[in-house]
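So the structure is just underneath, and the comments pick up after that.
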Amino acid sequence: MSKYIYMDNAATTPVKEEVLEAMLPYFTEKYGNPSSVYSLGSESKVAVEKAREQVAKALGADKKEIFFTASGSESDNWAIKGIAYNRRNKGNHIITSKIEHHAVLNTCKYLEKQGFEVTYLNVDSDGVVDLEELKNSIKDTTILITIMFANNEIGTIQPIKEIGQIAKENDIVFHTDAVQAVGSVEIDVKDLNVDLLSLSAHKFHGPKGIGVLYVRQGVRLDNLIHGGGQERSKRAGTENVASIVGLGKAIELATGNLEEKNKKLSALRDSLIEKIESKIDYVKLNGHRTKRLPGNVNVSFQFIEGESLLLMLDMNKIAGSSGSACTSGALDPSHVLLAIGLDHETAHGSLRLSLSEFNTEEEIDFVVEKLVGIVDRLRQMSPLYEKIKGEK
Amino acid sequence: MYSEKVMEHFMNPRNVGEIEDADGVGEVGNAKCGDIMKMYLKIDNGIIQDVKFKTFGCGSAIASSSMATELIKGKTIDEAMNITNKAVAEALDGLPPIKMHCSVLAEQAIKSALLDYSKKYNVHIEGLDDVDFSDDHHDHIEEE
């Protein structure tokens, strides 16, 4: 196989041709500022509003509820800080989970320094939050629940509708970081009782540097970016027109035939998991076996370390990622893998392969064949494997 | 991120394996940090005749182990004692700053194996009395 096999779609995705084509005119010919009154400006304005409608349709929302931001991280920051500061007179307690993306976790940690109190919910060994623990954590001072839709590392999907219901019953605002879920899972914000939702275009074949915060009508939150009157005076800054157009096109394509696409993708995912589990010993699937993103595979190979695995995969033109500390420069491995109860050694040996509609069964077979050899090679070098063999 | 030399040693590591009747065996690091190095020495007449290693760890940990074995093979105990982590890193044409601890681990693995040898054969080795194999090889910088 001569071409690169890309299985890191949870990190980012290539921009689709149709998306790029839709974007290109807005860099050169149609460069007007949407706030300008002349026709060049209003042309851009129309394009932005069309994209807003495309996003609203994909989420089952109204276009007035869609606000463009510069990233998923900005959306998370805005949602959490915006609610925290707006509802400060009502209370100072926020509930989140231990397996959130750092955009949520580090925002919560920042707010703790500002006098807010944060509860970090545990998850079970599959990575699912416990609804009883959530209910028991609610206090009179709870103003916000922020729980991710689906986990970026292990792919586990949370019971969002139930969480939304609990929040609603207790008059608490519910935000979900849906960066990994949009374009992969059917989402209807009304049906799911979601008040705020973050998404990012580059996870579903749109451009990088553009995101959305969905804000249910009637939910009030403070601004994060202060300035001009863009985005109905809620988010200042000249609109990134080309990227907004790209996001609109990408979300339309991604949610268009979701059911059919997901059937194929989850079959591919399960085939990859099945082949890895049947051909390699001492392997553990991380995350829920069925309640997981259709493209997510996350496994731990015992006795070896993830970065070496990634380097050897790269030598074979295969791209994946790992929760090992050595891939991030941190001392500890992934907080998600530790939260689902993995010991450090097993967490260091994790490999995430995240698939897209562009991956094939042929690629799966090639990757598994290479993995068998690489895992064996690294184990032959590992003093931990030597011990296990000795005990056998 | 890695030099060509690191990648070359990672992909084709020298002296991987075990020595069954080793004169000195040292193991440093721990699984918690994500790297463990085990080094085996065969010593005759104060000269390291053979050396093998096994490593659980990242690319630079494996490359550092491989380079360390090359640097001490055929050398005297004194010469091996003088191999610093810097020497290992330099021989690899440098390591990224966050990976320097891998070369520290390689230096410690050599010393740990020599310490085992000195105890086994009751030989005093200059410089081993005050050596510390605690897990401080990680110079961890917390992000604010």
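The values are calculated or read from the model by the stated rules, or taken from the named source; none is laboratory data. Given the structure is predicted, the values throughout are model-derived calculations rather than measurements. Don't worry about glycine lacking a Cβ; one is built from the backbone with ideal geometry, like all the others, and counts go over all protein chains shown. Areas reflect the complete protein model, heavy atoms only, side chains present, ligands, DNA and RNA absent. Shrake-Rupley method; radii C 1.70, N 1.55, O 1.52, S 1.80 Å.
Pick out the one residue from A:375, A:336 that is assigned to a helix (DSSP H, G or I), buried (at least 22 other Cβ atoms within 10 Å of the Cβ) and more than 14 Å from chain B (Cβ to nearest Cβ).
A:336
Return the residue satisfying two criteria in turn: it lies in the stretch A:339-372 and is β-branched (Val, Ile, Thr) and closer than 20 Å to residue A:154 by Cα, and of such residues it is nearest to the other protein chains (Cβ to nearest Cβ).
Taking the candidates together, the pick is A:346.
Could you list all residues from the stretch B:13-71 that are open to solvent by less than 20 Å² (accessible area, probe 1.4 Å), at the interface with chain A (Cβ under 10 Å from one of its Cβ atoms) and β-branched (Val, Ile, Thr)?
B:36, B:55, B:62 - these are the residues of the stretch B:13-71 that are open to solvent by less than 20 Å² (accessible area, probe 1.4 Å), at the interface with chain A (Cβ under 10 Å from one of its Cβ atoms) and β-branched (Val, Ile, Thr).
Looking at residue B:30, is it closer than 19 Å to residue A:349 by Cα, in contact (Cβ under 8 Å) with a residue 40 or more places away in the chain and either of a type outside the set (S, T, N, Q) or in contact with a helix residue (DSSP H, G or I) (Cβ under 9 Å, 6 or more places away or on another chain) (or both)?
yes
Has the stretch A:285-308 got any residue that is within 12 Å of chain B (Cβ to nearest Cβ), free of Cβ contacts under 8 Å to residues at least 24 places away in the same chain, touching a helix residue (DSSP H, G or I) at 6+ places or on another chain (Cβ under 9 Å) and under 26 Å from residue B:6 (Cβ atoms)?
yes
Give the residue, chosen from B:95, B:115, B:128, that is surrounded by fewer than 22 Cβ atoms within 10 Å (Cβ to Cβ), touching a residue at least 40 places away in the same chain (Cβ under 8 Å) and part of a loop (DSSP other than H, G, I, E, B).
Matching residue, one of B:95, B:115, B:128: B:128.
Against the definition (open to solvent by 10 Å² or more (accessible area, probe 1.4 Å), touching a residue at least 12 places away in the same chain (Cβ under 8 Å), more than 10 Å from chain A (Cβ to nearest Cβ) and of a type in the set (Phe, Trp, Tyr)), how does residue B:2 come out, yes or no?
Taking the combined requirement at face value, the residue does not satisfy it.
Please name all residue pairs, on different chains or six or more residues apart, with Cβ atoms under 7 Å, provided the first residue is in the stretch A:370-388 and is free of Cβ contacts under 8 Å to residues at least 24 places away in the same chain and the second residue is surrounded by fewer than 20 Cβ atoms within 10 Å (Cβ to Cβ) and among the hydrophobic types (A, V, I, L, M, F, W, C).
A:381/B:16
So which residues in the stretch A:164-203 are open to solvent by less than 10 Å² (accessible area, probe 1.4 Å), assigned to a helix (DSSP H, G or I) and closer than 22 Å to residue A:258 by Cβ, if there are any at all?
Of everything in the stretch A:164-203, those that are open to solvent by less than 10 Å² (accessible area, probe 1.4 Å), assigned to a helix (DSSP H, G or I) and closer than 22 Å to residue A:258 by Cβ turn out to be A:164, A:201.
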